[in-house]
């Protein structure tokens, strides 16, 4: 999505993602009661974008009563079920944008994890994955530390804009040493105990290739079973 909020906790952006999905894509509890306002049954792109604008305005105002929500809407932050209006709603400070770039680049929790300039005094041959682009990292096999990906969901696929919004749980920490695709051995500093990341990612796709990735991922208990529907297989 082109707009996000500048809030005190970066992690709370994941909550924005979950809340917007609940509002726009039907991830509600099975029985739905009357809403606080009508949404047309034939809600087209302009209608959906207007709902997004309503959501941002409600968050800035810290007033969920401005939204056309079902009375029994399901809402979570970091997979913790709570009343909408609680949590990050009480800390939102304003509205901002994150522009997409023309080359493959990835940001995690507000920090770049690709295309970072190498330090001037870095020894030759140093494995510095953050200095690589997205494709080079994957070709190197750098992410072997992630041993399982499950509860995958793709609640928003915008073909017109080439944007995909995804959610998943990454399990890691059971393996932190391995051999990269070029034959070099590599050991991560840390990742020495089982843990997981609750991942929310937005992808910009151009001509069938990923150009931009923005990710929010708080740490959660190992092999978290998400409160939201999704596959357990990882396939």
Residues (touching a helix residue (DSSP H, G or I) at 6+ places or on another chain (Cβ under 8 Å) and at pLDDT below 85) located in the range 52-66: 52
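For the structure I just gave you, tell me whether residue 181 is part of a loop (DSSP other than H, G, I, E, B), at pLDDT below 90 and in contact with a strand residue (DSSP E or B) (Cβ under 6 Å, 6 or more places away or on another chain).
Working: part of a loop (DSSP other than H, G, I, E, B): yes; at pLDDT below 90: yes; in contact with a strand residue (DSSP E or B) (Cβ under 6 Å, 6 or more places away or on another chain): no.
Spelling it out, it is not the case that residue 181 is part of a loop (DSSP other than H, G, I, E, B), at pLDDT below 90 and in contact with a strand residue (DSSP E or B) (Cβ under 6 Å, 6 or more places away or on another chain).
Collect the residues in the range 114-145 that are in contact (Cβ under 8 Å) with a residue 24 or more places away in the chain and either buried (at least 17 other Cβ atoms within 10 Å of the Cβ) or not assigned by TED's automatic domain parsing to the domain that holds residue 174 (or both), keeping them in residue-number order. Please lay out each step first, then the result.
Initial filter on the range 114-145 (in contact (Cβ under 8 Å) with a residue 24 or more places away in the chain): 127, 133-135, 139-142, 144-145.
The answer is 134, 140, 142, 144, 145.
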Residue among 106, 153 that alone is buried (at least 17 other Cβ atoms within 10 Å of the Cβ), in contact (Cβ under 8 Å) with a residue 24 or more places away in the chain, in contact with a helix residue (DSSP H, G or I) (Cβ under 6 Å, 6 or more places away or on another chain) and within 16 Å of residue 202 (Cβ to Cβ): 106
Enumeration of residues in the range 162-178 that are in contact (Cβ under 8 Å) with a residue 12 or more places away in the chain and farther than 26 Å from residue 78 by Cβ: 162, 178
Candidates 95, 152, 118 - the one that is more than 17 Å from the chain's Cα centre (by Cα), more than 19 Å from residue 181 (Cβ to Cβ) and assigned to a strand (DSSP E or B): 95
Exclusive hit being within 26 Å of residue 164 (Cβ to Cβ) and at pLDDT 50 or above, set 18, 69, 13: 69
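Can you tell which of 45, 62, 66 is in contact (Cβ under 8 Å) with a residue 40 or more places away in the chain, over 20 Å from the mean Cα position of the chain (by Cα) and not assigned by TED's automatic domain parsing to the domain that holds residue 204?
On the way: 62 fails: in contact (Cβ under 8 Å) with a residue 40 or more places away in the chain; 66 fails: in contact (Cβ under 8 Å) with a residue 40 or more places away in the chain.
The unique qualifying residue is 45.
Given the residues 223, 167, which is the only one that is under 12 Å from residue 151 (Cα atoms), in contact with a strand residue (DSSP E or B) (Cβ under 6 Å, 6 or more places away or on another chain), part of a loop (DSSP other than H, G, I, E, B) and modelled with pLDDT of 90 or more? It would help to see each step written out before you state the result.
Details: 167 fails: part of a loop (DSSP other than H, G, I, E, B).
Exactly one residue qualifies, and that residue is 223.
The values are calculated or read from the model by the stated rules, or taken from the named source; none is laboratory data. Since the model is a prediction, treat every value here as computed from it, not as a measurement. Cβ: placed from backbone, ideal geometry, glycine included. Neighbour counts: every protein chain shown.
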